[in-house]
Amino acid sequence: AYKENRLKNIPNEEKSLEKIFDEKKLIEKATKEGKHFIIYASSKSCYYCKKMDKEVLSLDEVKNKINEDYIFVKIDVDNMKLPFGLKKYFKGMTPTFFVLTNSGELLNTYPGAWVKKDYLEILKENL
């Protein structure tokens, strides 16, 4: 009942196979570019996701660091499946950031919203 109530004011979206990421292509890209993954589990109804998007992820310093070292994949967990079998590690809290190797193996999980300084530290500690 919680999920239905939470989504009450959000228009329904069509769900299709295109909303599932091709993990093999993602791994090929990450391997070729020598990057890790950040999988960002978010939700349209998540206040702290919007706060992270606006106050941290939109900053040039953060975007540059992500683009330099990571393949960034944002997933709306209400409409898409988490790739790489991350569902078993997802505790239902948005935002959650999963850091994976370029072969799709989970390194770390970071639930919650972060300030710029802390988020940059997360990016550094996973290289």
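Laboratory data are not the source of any read-out in this text; all were calculated from the coordinates shown. Model, not experiment: these values are computed from the prediction. Don't worry about glycine lacking a Cβ; one is built from the backbone with ideal geometry, like all the others, and counts go over all protein chains shown.
A few points about this structure:
- Local electrostatic count at Glu28 - Lys and Arg +1, Asp and Glu -1, tallied over other residues with Cβ under 12 Å: +2
- DSSP beta bridge pairing in the stretch 19-127, given as percent antiparallel to the nearest 5: 60
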